[in-house]
2 protein chains.
Amino acid sequence: MCILGLGLIGGSLLRDLHAIKHPVFGYNRSPISAPGLDISTSLPDTLTRAAENNALIILATPMPVVPQLLAALPPQCEFTDVVSMKTAVAAAVHAQGLDAQFVGGHPMAGAAESGWEATRLGLFQDAAWPIMLDDAATKPHLWADVALLAQLVGARPIPTTAARHDAAVARISHLPHILAEALATTGAAGGTLALSLAAGSFRDGTRVAAARPELVRAICEPNAPAVLAALDELLETLTTTRQQLHATGTLGELPDNGHAARKYYEEVSTAALSLPPVEVCVGAPGWVQELEAAETAGRWVRVLGCV
Amino acid sequence: MCILGLGLIGGSLLRDLHAIKHPVFGYNRSPISAPGLDISTSLPDTLTRAAENNALIILATPMPVVPQLLAALPPQCEFTDVVSMKTAVAAAVHAQGLDAQFVGGHPMAGAAESGWEATRLGLFQDAAWPIMLDDAATKPHLWADVALLAQLVGARPIPTTAARHDAAVARISHLPHILAEALATTGAAGGTLALSLAAGSFRDGTRVAAARPELVRAICEPNAPAVLAALDELLETLTTTRQQLHATGTLGELPDNGHAARKYYEEVSTAALSLPPVEVCVGAPGWVQELEAAETAGRWVRVLGCV
């Protein structure tokens with residue numbers, strides 16, 4: 001394996017693979033002092049070595065750097081990525097004509113901290129690791145290799161497509177960030193009295209507004225179309241509630257719907273962790289349909305190998 | 001002291017006052033088995049005893065029961081309340097012509113649990129206990145008695161008015177509940193894939209949607225005017241953000257504003273607990289202004305007595 005970019009995700013992946021003695025080397029633009037780890041600051045040297053060893057390349061840089069890395073990749077080298085916006089990466093890969101060599105992924109193990117200093121062993125244990133199904137039928141071996149990589153570091157592969165991934169994270173990650181910012185703003189507009197009376201509901205509802213503004217922009221803005229769709233849905237719910245509260249003095253169906261939705265979420269997230277994975281032989285007849293069924297059921301998968 | 005209604009708040013207050021040997025008796029509609037505590041199921045007997053002992057009466061029933069209790073109060077008995085909607089209670093008190101005998105309060109020690117079974121010693125330790133300043137200048141002794149009651153059980157008296165209280169809780173308690181319901185609904189509409197990818201931001205942002213729907217209605221709907229005002233402010237912020245994201249692909253000022261608001265909240269809530277109280281002699285020249293200044297500064301107060 002060859003990892004390009006050794007920030008929180010790439011660096012932790014290098015540590016985990018090294019710890020289990022899986023052959024791995026990495027490139028980082030700035031030097032990193034990590035005795036025993038195989039790290040270079042030369043991109044050309046690293047890519048030459050990847051080509052010689054037929055290594056699986058893992059793109060682990062921020063999104064803005066991805067296009068120039070794609071342009072430098074050795075011909076025929078297969079690669080994956082760990083960037084959070086899957087349609088944006090897929091478009092950049094397509095623009096370079098590299099679709100046949102690429103299966104995208106997104107280990108969901110982000111944190112407020114970033115950079116090599118934040119890396120640690122075991123970061124991916126039990127983490128969801130969506131792996132993209134787009135055109136998977138044409139590249140079973142590569143799909144299996146990416147899933148096996150996730151499994152090597154203890155993560156749970158979750159099959160989906162780039163579009164469905166981006167729509168999902170807009171709902172359950174980007175929208176919560178935007179709401180937390182808006183709630184914090186509205187609460188603070190009530191001044192010190194309001195804030196001195198604030199308790200658990202406000203504290204929890206605004207927690208992620210403590211994230212650095214540039215980080216919130218970096219995760220939400222590249223996913224603007226999906227975020228807009230989710231935000232419009234939410235605005236419709238809130239506007240309906242507003243009209244009912246004004247006209248009838250009641251919240252209408254919102255408390256029942258919200259309560260049922262939260263209970264559904266609790267069931268799904270409990271099941272996601274407690275149910276055993278769906279075991280799949282990649283390349284066997286119907287393997288893509290098996291993965292799509294697992295996605296629909298909210299189940300993770302374990303790849304047994306590739307036939 | 002005489003407590004009418006022994007649910008979570010009234011019952012815990014009875015336990016605390018009894019524990020420090022402060023004379024206290026209570027009324028509850030349904031019988032309560034609590035050896036050693038002075039509890040009656042007869043409202044007329046309890047009110048006769050309150051009149052004979054010139055007791056401070058504490059209304060601790062749900063809001064719908066308050067008007068009939070007000071109609072039954074002995075003439076000249078002074079009273080306070082622990083109901084969460086301060087303008088609604090003040091209006092009911094005014095309708096009965098009892099303003100001169102009343103100072104409202106709201107110990108902020110609610111919980112998901114309710115009823116006598118949920119009562120416990122120490123529930124009010126360090127809790128904010130807003131006490132209403134409306135017409136306070138005309139009734140300093142009663143204002144001081146209510147503040148001293150809060151202090152007896154370890155709570156922090158916070159002076160404010162009914163209107164400012166209700167506007168503040170709309171922002172920092174009712175609005176977070178409505179947003180949590182709406183976010184849960186929008187997240188769950190993404191199905192099992194979205195929910196299986198949800199992490200901390202969604203979990204925290206929807207936590208209070210787990211509250212029973214009838215509880216959410218009971219706390220939000222009686223405060224409809226203030227909730228509407230806060231919801232309209234929030235909708236304006238979100239709509240502006242939506243337009244900017246659509247037009248420019250950016251979140252505009254929202255991340256900076258939200259981050260600054262959250263940091264401001266953290267400062268205020270830390271200061272609220274760590275700064276010493278503003279000490280006030282009720283009835284001394286300028287005492288109401290001193291309390292208003294404490295409210296503006298987000299400080300709690302300690303009443304030293306009444307001159």
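The values are calculated or read from the model by the stated rules, or taken from the named source; none is laboratory data. Everything numeric in this text was worked out from a predicted model, so none of it was measured. Please note: Cβ atoms are built from the backbone with ideal geometry, for glycine as well, and neighbour counts cover all protein chains shown. Each accessible area value is taken on the protein alone, full model and side chains, heavy atoms only, with ligands, DNA and RNA left out. Shrake-Rupley method; radii C 1.70, N 1.55, O 1.52, S 1.80 Å.
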(message) I'd like the orientation of helix B:140-152 relative to chain B: the angle between its Cα long axis and the longest Cα principal axis, in ° from 0 to 90, rounded to 10.
(response) 70 degrees
(request) Give me the percent of DSSP beta bridges within chain A that run antiparallel, rounded to the nearest 5. (result) 5 percent
(message) Is the C-alpha gyration tensor of segment B:182-246 telling us rounded, prolate or oblate? Criteria: a/c under 1.5 is rounded; beyond that, a/b larger than b/c is prolate, otherwise oblate.
(response) oblate
(message) If each DSSP helix of 4+ residues adds -39,500 (n - 2.57) and the sum is divided by the residues in chain A, what number results at 222 nm, nearest 500 deg cm²/dmol?
(response) -15500 deg cm²/dmol
(message) Over the protein assembly as shown, with the other protein chains present, what is the accessible area per residue in square angstrom, probe 1.4 angstrom?
(response) 40 Å²
(message) Among B:V66, B:W129, B:G191, which residue has its Cα furthest toward the positive end of the charge dipole of chain B, with +1 on Lys/Arg Cβ and -1 on Asp/Glu Cβ?
(response) B:G191
(message) Give the B-A buried accessible area in Å², both sides summed, 1.4 Å probe, nearest 100.
(response) 7800 Å²
(request) Compare the peptides B:169-177, A:98-106, A:60-68 by average per-residue count of other Cβ atoms within 10 angstrom and give them in order, highest first. (result) B:169-177, A:98-106, A:60-68
(request) Return a whole-number percent for the relative contact order of chain A, with Cα pairs under 8 Å and 6 or more residues apart as the contact set. (result) 15 percent
(message) Nearest 5 percent is fine: what portion of the DSSP beta bridges confined to the protein assembly as shown is antiparallel?
(response) 5 percent
(request) Please express the shape of segment B:252-304 as an equivalent ellipsoid: the semi-axes are the square roots of 5 times the eigenvalues of the C-alpha gyration tensor, given largest first in whole angstrom. (result) 32, 12, 4
(message) Of A:V288, A:L234, A:V301, which is farthest towards the positive pole of segment A:229-307's charge dipole, taken about the Cα centre with +1 and -1 on the beta-carbons of Lys, Arg and Asp, Glu respectively?
(response) A:V301
(request) First compute the accessible area of chain B with a 1.4 Å probe, then give the percent of it belonging to carbon and sulfur atoms. (result) 55 percent
(request) Name the shape class, rounded, prolate or oblate, that the alpha-carbon gyration tensor gives for segment A:83-160, where a ≥ b ≥ c are the square roots of its eigenvalues, rounded holds for a/c under 1.5, and otherwise prolate holds if a/b is larger than b/c and oblate otherwise. (result) oblate
(message) Let me make sure I get this right: for segment A:1-136, a, b and c are the square roots of the gyration tensor eigenvalues over alpha carbons, sorted descending. Under 1.5 in a/c it's rounded, otherwise prolate if a/b > b/c, else oblate. Which is it?
(response) oblate
(request) Evaluate the charge dipole of segment A:143-239 about its Cα centre and quote only its size in Debye, nearest 20, assuming +1 on the Cβ of each Lys and Arg and -1 on the Cβ of each Asp and Glu. (result) 300 debye
(message) Given a 1.4 Å probe, show me the residues in segment A:189-219 buried by at least 50 Å² of accessible surface when comparing the whole protein assembly to the chain alone.
(response) A:T192, A:L193, A:L195, A:S196, A:L197, A:S201, A:D204, A:R207, A:A210, A:P213, A:R217
(message) How tilted is helix B:43-53 with respect to the longest principal axis of chain B? Cα atoms for both, answer in degrees (0 to 90, nearest 10).
(response) 60 degrees
(message) Suppose every Lys and Arg Cβ carries +1 and every Asp and Glu Cβ carries -1, with no other charges. What dipole size does segment B:132-191 come out with about its Cα centre, to the nearest 20 debye?
(response) 140 debye
(request) For the protein assembly as shown, build the charge dipole from Cβ charges (+1 Lys, Arg; -1 Asp, Glu) around the Cα centre, then report which of B:P107, A:A261, B:H177 sits farthest towards its positive end. (result) B:P107
(request) About the Cα centre of segment B:77-150, how large is the charge dipole given +1 on each Lys and Arg Cβ and -1 on each Asp and Glu Cβ? Please answer in debye to the nearest 20. (result) 40 debye
(request) With everything on Cα atoms, drop me the angle between helix B:224-248 and the longest principal axis of chain B, reported from 0 to 90° to the nearest 10. (result) 10 degrees
